[in-house]
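FYI, it's all coordinate maths here, none of it is from the lab. Please read all numbers here as calculations on a predicted model, not as lab measurements. Positions of Cβ are generated from backbone atoms using ideal geometry, with glycine treated the same way; all protein chains shown enter the neighbour counts.
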Protein chains: 2
Amino acid sequence: MSAFERLSINTATIKKASLAEALDLSVAAGLSHIGLWRDKVAEVGLDMAVEMVKASGLQVSSLCRGGFLTAADGPGQAAALADNKAAILEAKALGTTEIIMVVGGLPDFSVAPGAVDGGGGKGAADSAVQTGGKDLVLARHRVADRLAELVPFALEHGVRLVLEALHPMYAADRAVLSTLGQALDLAAPHPAAAVGVVVDTFHVWWDPSLREQIARAGAEGRIASYQVCDFNLPIAADALLSRGFMGDGVIDFASIGRWVAEAGYDGIVEVEIFNEDIWNLPYAEVMDTVKARYAELVAPHLG
Amino acid sequence: MSAFERLSINTATIKKASLAEALDLSVAAGLSHIGLWRDKVAEVGLDMAVEMVKASGLQVSSLCRGGFLTAADGPGQAAALADNKAAILEAKALGTTEIIMVVGGLPDFSVAPGAVDGGGGKGAADSAVQTGGKDLVLARHRVADRLAELVPFALEHGVRLVLEALHPMYAADRAVLSTLGQALDLAAPHPAAAVGVVVDTFHVWWDPSLREQIARAGAEGRIASYQVCDFNLPIAADALLSRGFMGDGVIDFASIGRWVAEAGYDGIVEVEIFNEDIWNLPYAEVMDTVKARYAELVAPHLG
């Protein structure tokens, strides 16, 4: 594939577009892939979404998102397993092998699984001290336990659980998984066909062990996606929305792109940007800017 | 020392108080130590500050801050060395062996060394791509080089350069040093009497290798300070000010305190909180709340 053929727009980048609009925009932009969020699929229903994707001729590069595996109570854990099995089946129906997993935060602070773009967490819960709801180590053990329970189902359906390390800003309310190395440790007991990792520049650019862990991810055959967007300064008032077009922030796409290429990754590169200002731009302008910045700042370093 | 005798208030917590007021408040609260920022010292001049501290009977637990070592140009590097030598001499004069080092961000985004409470960084600089100003790896090499140049001067004056890993939110504009493990790697070539580390809960609570790295820091004799405050959610609109009183956020002080105690640290515990709402409270109320939360949430776990 040429560098341009590797580009895919994640629907979160044009969050206000309908699924039909997002598919049309991607086709019009000359792309061959699209990254989907489950809320876009849910808007029309899975069967209709499958038909629409098929008619568009696009391939689905990934489905966002499963995860939220940190519940400490039995019913919460059962609900998480059921939701993730549903997500695996949705991914399979949509023709992608990659389901992106945001593993969830501390039980007393985690946002709900369906939250696409909410603000921070729930805020301090009075019960946090009593329930052990602030214990990160325990929460991480529960993620490992739930992941092990999901792996056979994922393998059976040919879908890979793709662990996403989130920026440590989100360790309490979205993901107790904060580094690529930690994601690879969590994946280690399972085959690479069942558990992968995503390298998302926004989340991992700061990591002093990034080069080493990208190389490790490549050697282990676990890089399922390379997601790019920038980290804007100053951090947005709603920290979740501090992503930017490549080039607008602080990230060194040359170094990270080179490391990903050196690790042997030659798959799809998804652009996923949460940014209120970008969501308010005309969709076509967003697509044009993404293509231009990708060509200028990302593609030259992909090997 | 009893747990209460180990408590020290950093002047950043009562930022609007003068040095005289901060000293009086600490004495009135029954404390034996105080943590100072250089701006408070500069307000009255070093000689006067030394006299005032002596008259108060308090010991200075640490001086904040040296650092900002990432300049890529000769004049910037010379200025950084001169400023850090001045900070070392100030620490010595004030009777503390510990100068806290915030190592600086990417050259094109780093705030100025004197900025106590500013917002985010400078924002994207047009020249960033051209100057290599986004290269984190190079910036970290420059920190190591400047540190090596400062070590002999620090040893000569009996002052320890205390490396502070900052939360990865600040990797671009304040510190390219983001984890305790990275701080210990940076310290490794130098004697423990010359280069130490601080464990600041706000910055490191999320780190999956925290327990292991605290143990390592203890074994290497490098823990120079344990600083406590909480990480509030949602993250404040100015992310620098998202610190809170212990108990108001997401941090598990029981686990981290136990790890610090297990690592053999039995020194001062500083409370350093940047929070606009707390700065606007009556100083006495801040002191009372800090003492109460410390007694309830921190002291019981210090061994």
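Can you tell me how segment B:199-303 classifies by the Cα gyration tensor, rounded, prolate or oblate, using a/c under 1.5 as the rounded cut? It is prolate, given that a/c is not under 1.5 and a/b is the larger ratio. Beta bridges per DSSP, both residues in chain B: antiparallel share near 5 percent. Full extension of the chain between B:Ala219 and B:Asp73 gives 48.9 nm of extra length, using 0.36 nm per residue less the Cα-Cα distance. By the helix-only formula, in which each DSSP H run with n ≥ 4 contributes -39500 (n - 2.57) and the sum is divided by residues, chain B has a 222 nm mean residue ellipticity of -12000 deg cm²/dmol.
Taken one residue at a time, the phi angles of segment B:32-39 give Karplus couplings (6.51, -1.76, 1.60, θ = phi - 60°) of 10, 10, 8, x, 10, 9, 5, 5 Hz. Gly and Pro are set to x.
Mean separation of Cα pairs under 8 Å and 6+ residues apart, divided by the residue count of chain A: what relative contact order is that in percent? Let's see the in-between values first.
Working: 592 pairs, mean separation 55.6, N = 303.
The value is 18 percent.
Taking amide hydrogens as placed 1.01 Å from N in the peptide plane, the amide H of A:Leu7 sits under 5 Å from those of A:Val269, each at least 5 positions away in sequence or on another chain. Computed over the protein assembly as shown, the convex hull of the alpha-carbon atoms projects to a mean area of 25.5 nm².
Along segment A:78-83 the Karplus relation, 6.51 cos²θ - 1.76 cosθ + 1.60 evaluated at θ = phi - 60°, assigns HN-Hα couplings of 5, 5, 5, 5, 5, 5 Hz to successive residues, with x for each Gly and Pro. Dipole magnitude for segment B:4-301: computed about the Cα centre from +1 point charges on Lys and Arg Cβ and -1 point charges on Asp and Glu Cβ, it is near 440 debye. Our coupling estimate for segment B:92-106, obtained by passing each phi through the Karplus curve with A = 6.51, B = -1.76, C = 1.60 and θ = phi - 60°, is 4, 4, 7, x, 10, 8, 10, 10, 6, 10, 9, 6, x, x, 5 Hz, Gly and Pro reported as x. The aspartates and glutamates within cross-link reach of A:Lys291, meaning a Cα-to-Cα straight distance under 15 Å and a gap of 8 or more places when in the same chain, are A:Glu5, A:Asp230, A:Asp248, A:Glu270, A:Glu272.
For the protein assembly as shown, a crude dipole built from +1 on the beta carbon of Lys and Arg and -1 on the beta carbon of Asp and Glu, taken about the Cα centre, is about 820 debye to the nearest 20. For chain B, the normalised intensity computed at q = 0.07, 0.09 Å⁻¹ comes to -0.24, -0.40 (log10 of I(q)/I(0), Debye sum over alpha carbons, equal scatterers, no solvent). Across the identical copies, the label point of B:Ser18 (7 Å from Cα in the Cβ direction) is separated from its matches by 6.8 nm, in order from shortest. Between amide H atoms placed 1.01 Å from N, distances below 5 Å from B:Gly66 occur with B:Ile100, B:Met101, B:Val102, all of them 5 or more places distant or on a separate chain.
In this model, which of B:Lys16/B:Lys40; A:Lys16/A:Lys40; A:Lys54/A:Lys92; B:Lys54/B:Lys92; B:Lys16/B:Lys54 are farther than 18 Å apart at the alpha-carbon?
Distance filter (> 18 Å) returns B:Lys16/B:Lys54.
Between the amide H of A:Ile273 and those of A:Thr13, distances stay under 5 Å, these residues lying 5 or more places away or on another chain, with hydrogens modeled in the peptide plane.
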